[in-house]
Amino acid sequence: MFSVIRDCPCVPISILSVLIVFKSMAQIVVCMERECHELNAKFDRLKSYFNDGQSCNLSVDGWTVCRGLLYFSAEKHNWSKSRDVCVSKGADLVTITSQNEQDFLVSKIKETHWIGLNDLETEGRWVWVNNQTLEETGVEFWFGSVQKEPDNWKVQDPSGENCASLGDRNGNLHTWFDGSCKQQKKFICENKY
C-alpha cells in the first residue's frame, strides 16, 4: 500500500495543501489570540469602572456603568413587561441595596421608574427580583411623611399595589412608592456583571 502512495503524483500536492492550510490556521490562531488579549484588556478597563464609584457616568450602548450595568428606559410599560424587557437584555429590574445606590439612581431620573421590588406572592412581604427580602438588604426608602408607604391602596386596582417604584407622579423621587403593577412607568434594568 505504501508503494502505491509513493507512486501517486498527487501526494506531494496533498502534503503541500496540508502545509498551506496548517500555516493559514496558525495565522488565524495568532489573530484570535491578539483579539482575545485586546478584549481582555477592554474587559479589565470596564471592570475597573464597575468597581470605581467615581466612574458612574460612563455610558456604553445605552447602559450606564456603575458597579454593574444600569439601563434607564425611555419607554413605559407595566411592571411585568418592564421586567420582561430587562430579562431580554440579560438583566433584571434594579435591586437597591445602599443609600449610595439610591442617591445615584435618583440623580439620573426625572420621573417615577419601576424597580425590582414587589409583594406579589405574599401581601406585605416585599421581595426583590433576586429573592432578597428588605430585611436581608437592610435598606428601605419608603415614602413616609403624611401618607405611609406601602399602603396597598385598592382604588385604581382591586388587586392592590404590589409593585414598587422609585418616585411618584408628583415628583417625590427620593423615596419608594407601592403602585398597581398595571401602571405604565419607565423602569431601570440592572446587570451585575
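Summary table
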item	result
Subset of the range 96-129 (residues that are surrounded by fewer than 18 Cβ atoms within 10 Å (Cβ to Cβ) and among the hydroxyl-bearing types (Ser, Thr, Tyr))	Thr97, Ser98, Ser107, Thr122
Filter result (at pLDDT 95 or above and not in a helix (DSSP H, G or I)) within the range 76-90	Lys76, His77, Asn78
Close pairs from the range 78-93: first without any contact (Cβ under 8 Å) to a residue 12 or more places away in the chain and more than 11 Å from Cys163 (Cα to Cα), partner surrounded by fewer than 17 Cβ atoms within 10 Å (Cβ to Cβ) and among the charged types (D, E, K, R), Cβ under 6 Å, at least 6 apart	none
Identity of the residue in the range 63-75, assigned to a loop (DSSP other than H, G, I, E, B) and crowded, with 16+ Cβ neighbours inside 10 Å, that ends up modelled with the lowest pLDDT	Arg67
Pairs where the first residue, in the range 120-136, is in a loop (DSSP other than H, G, I, E, B) and the second is small (Gly, Ala, Ser) and surrounded by 15 or more Cβ atoms within 10 Å (Cβ to Cβ), C-beta under 8 Å, 6+ apart	Glu123/Gly160; Trp126/Ala164; Val129/Gly116; Asn130/Gly116
Residues located in the range 143-174, provided they are touching a helix residue (DSSP H, G or I) at 6+ places or on another chain (Cβ under 9 Å), surrounded by 14 or more Cβ atoms within 10 Å (Cβ to Cβ) and either assigned to a loop (DSSP other than H, G, I, E, B) or at pLDDT below 90 (or both)	Asn162, Gly167, Leu173
Where a residue in the range 8-31 is modelled with pLDDT under 70 and its partner, wherever it lies, is β-branched (Val, Ile, Thr), with Cβ under 9 Å and at least six apart	Val11/Ile5
Count - residues of the range 94-107 that are within 14 Å of Cys163 (Cα to Cα) and among the hydroxyl-bearing types (Ser, Thr, Tyr)	1
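The values are calculated or read from the model by the stated rules, or taken from the named source; none is laboratory data. Keep in mind the model is a prediction, meaning the values are calculated, not measured. Glycine also receives a Cβ, built like all others from the backbone with ideal geometry; neighbour counts cover every protein chain displayed.
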